[in-house]
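To start, the structure itself, in structure tokens.
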Amino acid sequence: MPVQPIRLFGDPVLRTPAVPVTVFDKELRRLVSDLTDTMLEAPGAGLAAPQIGVGLRVFTWYVDGELGHLVNPTLDLSEEEQHGPEGCLSLPDLSFDCTRAMRVVAKGFDMHGEPVSIEGHELLARAIQHETDHLDGVLFIDRMDTPRRRAALRALREAPWAQDGAPRIKISPHAAPNPFR
């Protein structure tokens, strides 16, 4: 299947919550295949459908030689946490420390509509949480404390792939300054 372009930070699709999959058909299987091929080509540990511009609750992962996918995930997180570097294919060549649950149990469906449950520890747990966040319109930099997030946003503005030194970000019209002040 074809490798798809990966949407970069600033693209509004990355901030839009994805909708649940309701039809498990050939198109969904093609989407899973496209996600897998794109993730492996990048290469990455995971890729969510919104990262290729598709607003459906589907993601793939490739961690420690294990390749998989999950549709319509729900997560049960451990109280024990891990803190360490995390990256994202939509923020290429950048990595920042982020806190995540150490273990996760993810429930959902495979591309054929069969129920599945995945238990992940450490890196797989981090990947599953990261990709599920993408399905909710959340980026991992949103999980950082304020000083780390500011540093990450500064690095994003200076990233070589950022247009004119700043990622394209859709700005709300409500944030416009009031001309009558």
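The values are calculated or read from the model by the stated rules, or taken from the named source; none is laboratory data. All values derive from a computational prediction rather than experimental measurement. Because the Cβ atoms are built from the backbone with ideal geometry, glycine has one as well, and the counts that use them run over all protein chains shown.
Brief remarks on what is shown
- Evaluating PRO43 against the criteria (1) closer than 25 Å to MET144 by Cβ; (2) surrounded by 16 or more Cβ atoms within 10 Å (Cβ to Cβ) leaves one unmet condition, (2).
- Residue in the stretch 141-152 that is among the small types (Gly, Ala, Ser) and either at pLDDT below 90 or in contact with an Asp or Glu (Cβ under 9 Å, 6 or more places away or on another chain) (or both) present: yes
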